[in-house]
Amino acid sequence: MNWQPYRGTAPANMTIYSAAFPDVSDQWPMKDDVTREINAIDQALKANPDLEPPLREYEEGGLPVLIPQHHFSEQAFRHRPALAAWRARLVPGALALFVVQNPLEERLPEGTKMDSESRQWFIHANDAIGVRSRAKVLSMLVEKYIHNDSENNWVSLASGAAIPVLEALRNATLDGQKVFLSLVDKDPVALDWAETMAAQEGLTVGEQLTLLRRDLVHTLVRNEDLLLELGEHQAELVDALGIFEYFNDTDAVIFLQRALRLVKPGGAVVVSNMLTSSPQIDFVLRCIGWEPIFPRTLQQLQNIHIAAGVPVENVTVVVPKDGVYAVMEVRA
C-alpha cells in the first residue's frame, strides 16, 4: 500500500495518513466521462442549495417508487433503471452497499437486472469508490489485531451483510487459528445474507459465527444491554464502518465509549465517517438522496474522540485518496 502524508486540513496533533488502493474503477472504461458527468451534477447542486433529494412513496401494491424533486434526479434515475430500483427498494438498508461493493454483479439483491448505465455509476461514483476503499483500510488493520498465536474475537457493529469483514478475513495472513465473529445489525435480511456468505468462508452459526439482531441506538447508546450480552473486554477488534455518521455528536461520544469497553487492552475500535470535504457530496445527498447523515471534518472527529476520553496518541486516521471517508483506528 502507498502511504503518504495527508495534505488536507487537519488538526496539527492528529496522526493522519493518505493511502492509495487499487479499485475496479481504475481499469473500467469511461471513468473520465462518468466523473465529468457526476461532477457537473454535483456543482449544479452546490449552486442550488434549495434543491431537495428525491422522495420515496409506496404504490397501492406496496412497491416503493421514487419521486424526483428536481431535474438532476429525474434524469439520473430515468436512464438508469437498476439505479432507480436500488434507491427505491434497497436504500438505506444494509443490502444497498452490497451493490456498491460488488458492482459487477448481474443483478441487485432484490432481483433487478443491472444495466450498463447504472453499473458505470456504481463503479465510478466517488462515494462508491470510497465505500470500497474504507473496506480496504479495515482489511489492512485486521493484520494488526487478528493474531496467529491465539484465538480471536471480532465484533462488527452495524455489520450489514458483512462484506468488508469477510473480505478482510479472506485476505488476512492467518495460519489456521480460529476467529470468532459476532455480527450485530438491526436488518434481518442483511444478517441472512451475511450468514450465507460466511458459510462460504467456513464460518457457521453456533461455532465461529454469532448473529445478533439488535438496534444499536437502543442496545448500546441508550443503555448498555449489548455490553452485558457480549461481555466487556472480550474482543481484539470492533469495527463500525457504516454507522458512526448516523449519530449526532452526543450519541457518537457515547457509542465510542461503549464500543471501546468491548475491546481487550491492546485492541482497537475502527469507525469511519464521511468527510464534509468529500467530493461529490451534494450529488450523493441531494441527487441520489442517501439518508440524512452527519458528515464531519477531521477536527470534529477529533473533538468526538477527545470528548469520549480517548487521547490523541491513541488514534490514527487514514483518508484514502478518493477523499470520501476518514477511517479512525481508536486503540484501547
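The values are calculated or read from the model by the stated rules, or taken from the named source; none is laboratory data. Remember, it's a predicted structure, so these values are computed and weren't measured experimentally. Heads up, the Cβs are rebuilt from the backbone with ideal geometry, glycines too, and the neighbour counts pull from every protein chain shown. Note: areas computed on protein heavy atoms with side chains; ligands, DNA, RNA excluded. Shrake-Rupley method; radii C 1.70, N 1.55, O 1.52, S 1.80 Å.
Do we find that residue 118 is among the polar types (S, T, N, Q), open to solvent by less than 30 Å² (accessible area, probe 1.4 Å), over 18 Å from residue 30 (Cβ atoms) and not in a loop (DSSP other than H, G, I, E, B) in this structure?
It is false that residue 118 is among the polar types (S, T, N, Q), open to solvent by less than 30 Å² (accessible area, probe 1.4 Å), over 18 Å from residue 30 (Cβ atoms) and not in a loop (DSSP other than H, G, I, E, B).
Before we move on, is residue 196 β-branched (Val, Ile, Thr), at pLDDT below 90 and farther than 29 Å from residue 248 by Cβ?
Taking the combined requirement at face value, the residue does not satisfy it.
Filter segment 65-80 down to residues that are farther than 14 Å from residue 284 by Cα and within 24 Å of the chain's Cα centre (by Cα) and give me whichever is most open to solvent (accessible area, probe 1.4 Å).
Top of the filtered list is 66.
Quick one: what pairs do we get from segment 76-91, first residue in contact (Cβ under 8 Å) with a residue 24 or more places away in the chain, second open to solvent by 30 Å² or more (accessible area, probe 1.4 Å) and assigned to a helix (DSSP H, G or I), C-beta under 7 Å, 6+ apart or different chains?
Between residues of segment 76-91 that are in contact (Cβ under 8 Å) with a residue 24 or more places away in the chain and residues that are open to solvent by 30 Å² or more (accessible area, probe 1.4 Å) and assigned to a helix (DSSP H, G or I), the close pairs are 79/117; 80/117.
Quick check on my filter: what residues within segment 34-60 are open to solvent by 80 Å² or more (accessible area, probe 1.4 Å) and more than 25 Å from the chain's Cα centre (by Cα)?
49, 50, 57, 58, 59, 60
State all residues of segment 294-312 that are touching a strand residue (DSSP E or B) at 6+ places or on another chain (Cβ under 8 Å), open to solvent by 30 Å² or more (accessible area, probe 1.4 Å) and not in a loop (DSSP other than H, G, I, E, B); if no residue qualifies, say none.
Selection gives 312 alone.
Determine the pairs where a residue that is within 12 Å of residue 328 (Cβ to Cβ), located within segment 295-315, has a partner that is of a type in the set (D, E, K, R) and in a helix (DSSP H, G or I) with Cβ atoms under 8 Å apart, the partner being 6 or more residues away or on another chain.
Taking only residues 6 or more apart or on different chains, the pairs are 296/245; 300/249; 304/249.
What pairs come up if the first residue lies in segment 258-286 and is assigned to a helix (DSSP H, G or I), the second is open to solvent by 10 Å² or more (accessible area, probe 1.4 Å) and aromatic (Phe, Trp, Tyr), and their beta carbons are under 9 Å apart, counting only those six or more places apart or on different chains?
283/72; 284/290; 286/72
Considering each residue of segment 81-115, count those that are open to solvent by 20 Å² or more (accessible area, probe 1.4 Å) and closer than 23 Å to residue 36 by Cβ, and give that number.
The total comes to 4.
Looking at segment 283-291, is at least one residue open to solvent by 20 Å² or more (accessible area, probe 1.4 Å), modelled with pLDDT under 95 and farther than 17 Å from residue 322 by Cβ?
yes
Filter segment 1-33 down to the residues that are part of a strand (DSSP E or B) and either at positive phi or open to solvent by 50 Å² or more (accessible area, probe 1.4 Å) (or both) and list them by number.
Matches in segment 1-33: 2, 3, 4, 5, 15, 17.
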